[in-house]
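What follows is a short report on a single structure.
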Amino acid sequence: MGRRLAVLLVWAVVCGGPAAAQTPAPDGVELLLDRFEALLQAGRAADFPSLVASSDPPDQIDEFAGGLFAPDTRRAVVTERDRVPLAAALPGDGYRVVAELFLETANRARIVTTLLDVRRPPGGPPDSWRISAAQAATSIDGLFRLRVSASRQFAARNLTITAEDLRLTLADGSVFLVESESGVTGLILFGNGVMRFAPGPATEQGQMRIFAGAEVLNAPFEAAFVRLSPLAYEQRVSVASLTPAALNRRELKRAQELLAREGPKSFSLDLRELSSDTWYLLPPPGDFLAEVRTRRHGTLTYSRAGMQAEDITLFDRERRRTIALYPSAPRRAARGLAFNEDEQRDYDVLDYDIEANIQPQTDFLEARARLRLRMRSIGATSLTLRLADDLAVRGIVSAEYGRLLHLRVRDQNTVIVNFPVGLSPDTDVTLLVSYAGRITWQDIEDEAVQSGEVRPQEEPLIIPAEPSFLLSNRSYWYPQNPIPDYATATLRISVPEGYSCVASGQPRNGPEVTLRDLLTLTDGPAHVFTARDPLRYFAVVVSRFVRAAEATIKLEPGQGDPTDGAGVSVTIEANPRQQGRGKTLIDDVEAIMRFYTGLLGEIPYSSLTVALVENELPGGHSPGYLAVLNTPMPASRLTWRNDPASFPGFPEFFLAHELAHQWWGQAVGWRNYHEQWLSEGFAQYFAALYAQRARGERTFVDMLRQFRRWAVAESDEGPISLGSRLGHLRGQPRVFRALVYNKAAAVLHMLRRLVGDEHFFHALRQFYAAQKFRKAGTGDLRAVFEETAGRSLERFFDRWIYSADVPRLRYSHALGAGTVTVRFEQVGSALFDVPVTVTIIYTDGRTHEEIVPVTDQRVEWTIAADRPVKQVQVNRDYAAVAIFERVP
């Protein structure tokens with residue numbers, strides 16, 4: 001009641017109480033724009049001077065009108081975006097108006113952003129407004145209607161259509177042309193065809209073997225839809241294979257239906273604010289798209305998109321599977337397979353201020369976000385934001401340029417924002433984006449173990465888990481740069497009564513209600529989180545939380561302290577049933593954080609919240625400032641022992657892994673999905689190091705054993721550098737964990753044994769310090785280790801990160817007088833650098849270990865033995881990822 005009264009009082013003050021209903025006076029500027037719209041639609045350029053203030057208009061206005069009026073205009077829409085008073089005019093008598101013009105002919109359209117100075121005589125009537133200056137600031141040209149040619153149909157005999165690594169062959173069938181005003185931009189194929197896709201890179205050939213059973217895909221198809229540049233039509237299509245045929249009305253209708261269904265999925269903009277029709281862009285020269293309905297694999301989409309760093313893609317839209325993704329041959333020749341996605345970033349987001357009202361019962365989000373950004377590209381007239389398709393944008397306003405035109409790219413979680421002027425590099429822009437809609441909650445799927453079987457239950461009753469709702473990096477719940485970068489933020493989250501939330505950033509003490517909250521947030525007090533240190537992305541978890549425990553970590557002198565001596569605050573928030581576990585967890589959290597700080601010299605963020613949520617499977621997710629842990633329910637039907645991330649002897653594993661992400665994955669990011677191992681592999685290895693400290697050597701060796709077992713078992717699925725795509729084709733996330741978690745951690749351990757502890761941990765600190773709050777790549781890590789160790793590590797990283805092979809080693813040993821000689825031979829042409837532990841067991845039970853660096857085809861190593869030898873063992877500690885074969 002008190003809050004409602006406060007709201008009523010606020011509105012009473014703002015609105016000043018009820019007033020008599022009055023008919024508003026007509027807006028003269030709107031009347032002027034309506035007249036302008038009517039003249040444009042009628043093509044009456046001769047009457048435009050009647051809208052101009054001077055009887056002798058300046059050349060600028062004549063040029064402006066000459067570029068807009070056309071006799072074939074069928075429809076015109078003039079939409080006012082913003083207006084600001086003119087400095088030289090009396091109040092209310094002059095404005096600078098930003099207006100969007102949508103000009104449509106029979107088969108083409110364009111959008112023009114205009115700047116209009118409008119004036120009226122002092123105190124003049126509404127119809128006295130006139131245009132005193134005008135210019136077309138920016139435009140989106142080249143919007144086309146596409147149509148299936150209704151006058152021409154072709155019979156095809158051995159027709160071929162080619163793009164890099166792709167050939168479509170139609171042995172016999174029918175072909176319809178998809179035409180635009182600029183020429184043929186597509187084809188529709190029906191009949192007996194074969195799709196041949198032969199990816200160039202060896203890694204992609206391996207993925208093709210998984211998908212199709214062979215390195216080259218040869219898939220029969222019955223229908224295909226192709227888009228290309230009109231300039232490339234005769235270059236890519238064997239037009240001599242087309243013969244004019246009698247028009248078949250049934251096939252024509254089928255072709256039109258296919259265009260209506262498949263066409264809007266690409267090269268199409270959502271212009272619902274301006275037009276209800278479907279409008280298309282023409283593919284740039286070099287770009288190409290084919291939607292191929294194969295008999296065995298369903299519809300496959302091949303794309304060559306020059307704007308993407310990896311510009312060749314083969315994917316399955318329906319199943320959301322990426323089958324192949326790699327740079328084209330010219331790009332591979334220029335820079336290899338590695339790339340830094342930041343090189344394609346048009347702008348940097350410096351800071352966010354996000355206000356969000358989240359309704360978990362109805363899956364609804366209402367929010368507005370302020371983005372402070374800085375341009376990087378030259379002369380940009382637009383920028384792209386990533387935002388979930390289901391979230392409707394209500395408006396985008398710039399502090400510098402007023403209300404802005406925004407367009408949706410269909411089915412791409414993308415918004416294009418248009419500016420009225422070109423922006424130069426280092427220009428600062430502030431955007432305010434208002435949006436709302438239904439949201440899809442994110443599962444903790446990448447970092448949750450995979451269930452192996454359903455445990456039999458005597459009682460059918462299962463205690464349901466407390467619901468929790470996660471919005472994070474895959475939800476696109478706030479407008480963000482399509483190429484992620486680091487930014488600071490303030491999050492102001494409102495949730496219904498009975499719920500609470502945790503989020504990225506340092507929480508303010510207690511819910512904070514301000515006048516702004518009462519006016520803008522519709523339900524519940526605001527929970528405020530401030531991230532003063534930059535983050536890669538922001539997350540929020542809504543559930544029923546209670547405070548379970550809290551502590552402050554005081555760092556040692558010389559350690560990096562983001563709090564300037566105040567101490568890093570640690571809070572445990574838990575679902576009510578997990579409150580007891582949360583109280584006991586605080587000591588583990590503090591111990592792990594101190595251990596990692598000892599290794600790297602600092603804690604990156606000023607606070608940490610650990611959220612314990614209930615789930616049937618264990619797992620976790622760790623944005624900056626925050627770690628979310630799944631707590632399995634005692635009555636869960638699922639078991640997870642046969643998973644790469646299952647370590648029964650180390651119950652703190654998930655906590656240790658997720659806390660390590662505050663350093664690896666958050667403070668130090670990764671440039672693209674190929675570098676994801678720098679996050680997951682490091683977190684996995686740091687968890688193993690903590691297990692060694694807290695649980696002893698046996699637990700550490702058990703983890704190394706599991707690392708090796710899963711690495712050997714799953715390496716055929718691809719190299720570590722394939723990142724999140726590992727296991728993707730089979731729907732097996734455990735493959736990702738086997739290689740990007742376990743094998744990558746084993747690789748780090750082998751690197752440590754190869755260069756030695758001193759060099760290893762020194763290089764780690766150097767790498768962390770150099771890449772903090774940046775996105776790193778494998779090349780950055782290699783450079784630091786090479787400088788520290790004073791040796792080349794090119795082959796080490798090439799073999800272990802970019803290759804899917806596992807070395808095979810034959811070994812033997814011979815006993816001599818006071819010596820043991822061990823011989824290794826690498827089988828195969830690819831040489832690895834493999835540090836192997838050789839253990840000598842003496843007859844008195846004592847042991848001696850040496851690390852033998854197997855770095856050549858054949859290695860012979862002699863070890864001094866000062867007593868009788870009972871046994872010689874190789875890789876007893878499971879530290880080498882290799883397949884060993886003993887030779888008598």
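The values are calculated or read from the model by the stated rules, or taken from the named source; none is laboratory data. Computed from a predicted structure; not experimentally measured. We place every Cβ from the backbone using ideal geometry, glycine too, and count neighbours over all the protein chains shown. Note: accessible area is taken over every heavy atom of the protein model, side chains too, but ligands, DNA and RNA are not part of it. Shrake-Rupley method; radii C 1.70, N 1.55, O 1.52, S 1.80 Å.
Restricting attention to region 641-697, the residues that are buried (at least 21 other Cβ atoms within 10 Å of the Cβ) and acidic (Asp, Glu) total 4. When Ala769, Ala817 are screened for being modelled with pLDDT under 95, open to solvent by 60 Å² or more (accessible area, probe 1.4 Å) and among the aliphatic types (A, V, I, L, M), only Ala817 passes. Here Lys870 meets each of (1) under 25 Å from Arg799 (Cα atoms); (2) open to solvent by 70 Å² or more (accessible area, probe 1.4 Å); (3) outside any loop (DSSP other than H, G, I, E, B); (4) among the charged types (D, E, K, R) with one exception, condition (1). If you check Glu204, Glu251, Glu262, Glu257 for being among the charged types (D, E, K, R) and touching a Ser or Thr at 6+ places or on another chain (Cβ under 6 Å), only one passes: Glu251.
Taking region 198-296 and the strands (runs of 3 or more DSSP E) fully enclosed by it, the elements with 3 or more residues that are among the hydrophobic types (A, V, I, L, M, F, W, C) are at 217-228, 288-294. The strands (runs of 3 or more DSSP E) falling completely within region 598-708 that include 1 or more residues that are of a type in the set (Val, Ile, Thr) map to 607-615, 626-632, 668-670.
Check region 287-301 and report whether any residue there is within 19 Å of Ala202 (Cα to Cα) and open to solvent by less than 30 Å² (accessible area, probe 1.4 Å). No: region 287-301 contains no residue that is within 19 Å of Ala202 (Cα to Cα) and open to solvent by less than 30 Å² (accessible area, probe 1.4 Å).
Ala324 satisfies every condition listed in (1) in a helix (DSSP H, G or I); (2) among the aliphatic types (A, V, I, L, M); (3) open to solvent by less than 30 Å² (accessible area, probe 1.4 Å) except (1). With respect to being surrounded by 15 or more Cβ atoms within 10 Å (Cβ to Cβ) and not in a strand (DSSP E or B), Ile801 fits the description.
One residue stands out among those in region 226-265 that are of a type in the set (Val, Ile, Thr) and in contact (Cβ under 8 Å) with a residue 40 or more places away in the chain: the one that is farthest from Leu166 (Cα to Cα), which is Thr243. With respect to Ala219, is the statement that it is touching a residue at least 60 places away in the same chain (Cβ under 8 Å) and either open to solvent by less than 20 Å² (accessible area, probe 1.4 Å) or in contact with an Asp or Glu (Cβ under 9 Å, 6 or more places away or on another chain) (or both) true? It is true that Ala219 is touching a residue at least 60 places away in the same chain (Cβ under 8 Å) and either open to solvent by less than 20 Å² (accessible area, probe 1.4 Å) or in contact with an Asp or Glu (Cβ under 9 Å, 6 or more places away or on another chain) (or both).
On the given criteria, is Asp856 farther than 19 Å from Leu751 by Cα, open to solvent by 50 Å² or more (accessible area, probe 1.4 Å), outside any strand (DSSP E or B) and not β-branched (Val, Ile, Thr)? The answer is no for Asp856. Open to solvent by less than 70 Å² (accessible area, probe 1.4 Å) and at positive phi - does that describe any residue in region 251-269? Yes, because at least one residue in region 251-269 is open to solvent by less than 70 Å² (accessible area, probe 1.4 Å) and at positive phi. Between Arg725, Arg730, Arg734, the distinction of being at pLDDT 95 or above and either more than 23 Å from the chain's Cα centre (by Cα) or open to solvent by 10 Å² or more (accessible area, probe 1.4 Å) (or both) belongs to Arg725 only. Of the set (1) open to solvent by 10 Å² or more (accessible area, probe 1.4 Å); (2) of a type in the set (Gly, Ala, Ser); (3) touching a strand residue (DSSP E or B) at 6+ places or on another chain (Cβ under 9 Å), all apply to Gly598 but (3). Here is a check on your reading of the model: is Ala25 modelled with pLDDT under 80 and farther than 16 Å from Arg119 by Cβ? Yes. Ser715 passes every criterion in (1) under 29 Å from Gln766 (Cβ atoms); (2) open to solvent by less than 10 Å² (accessible area, probe 1.4 Å); (3) among the small types (Gly, Ala, Ser); (4) assigned to a helix (DSSP H, G or I) apart from (1).
Among the residues of region 169-189, are any of a type outside the set (A, V, I, L, M), closer than 30 Å to Gly718 by Cβ and out of contact with any Cys (no Cβ under 8 Å at 6 or more places or on another chain)?
yes
Among the conditions (1) open to solvent by 40 Å² or more (accessible area, probe 1.4 Å); (2) part of a loop (DSSP other than H, G, I, E, B); (3) over 25 Å from Asn340 (Cα atoms), the only one that Val806 does not satisfy is (1).
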